[in-house]
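**Q** Have a look at this one.
Rule-based calculations on the coordinates, nothing more; no lab input. Since the structure is predicted, the reported quantities are computational estimates derived from the model, not experimental observations. Backbone-built Cβ (ideal geometry, glycine too); neighbour counts: all protein chains shown.
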Amino acid sequence: MPKAVFAKNAEAAFRALDQQEFKVIFLDHDLHWMHADNSIFKGTGKEVARFVAKKGSQGIVIIHSRHDDGGRQ
């Protein structure tokens, strides 16, 4: 994917998503080792997913996560 945009954290993802529309978005729940605790929302892939939903993105969203509970949310 030569035109892929990588975001290393939720804040970088918010900036990228504000700057352009994406055809495909890949999300992982655990963006930091502490996110394995499912009670955390701030800075997680879950927060990015909510941002994408509120923005009304028309792209395909693919959730990839080894954190089963986090990925389902």
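**Q** Could you order the peptides 18-27, 44-53 from most to least packed, using the average number of other C-beta atoms within 10 Å per residue?
**A** The packing order, highest mean first, is 44-53, 18-27.
**Q** Return the long-range amide H neighbours of residue 27 (sequence gap of 5 or more, or a different chain), with a cut-off of under 5 Å between placed amide H atoms.
**A** Residues meeting the criterion, in which the H sits 1.01 Å from N, are 62, 63, 64.
**Q** Sticking with this structure for a sec: Output ³J(HN,Hα) for region 45-50: one whole-Hz value per residue in order, computed from phi by the Karplus curve 6.51 cos²θ - 1.76 cosθ + 1.60 with θ = phi - 60°, and x for Gly and Pro.
**A** Those phi angles translate into x, 4, 5, 5, 4, 5 Hz.
**Q** Please work out how much length the chain gains when fully extended from residue 54 to residue 14, using 0.36 nm per residue of separation minus the C-alpha to C-alpha distance, in nm with one decimal.
**A** Full extension of this stretch gives 13.2 nm more.
**Q** Right, here's the next one. Ordered by residue, what ³J(HN,Hα) values in Hz, to whole numbers, does region 12-23 give under the Karplus form 6.51 cos²θ - 1.76 cosθ + 1.60, where θ = phi - 60° and Gly and Pro are x?
**A** 5, 5, 4, 4, 4, 5, 6, 7, 7, 9, 10, 6
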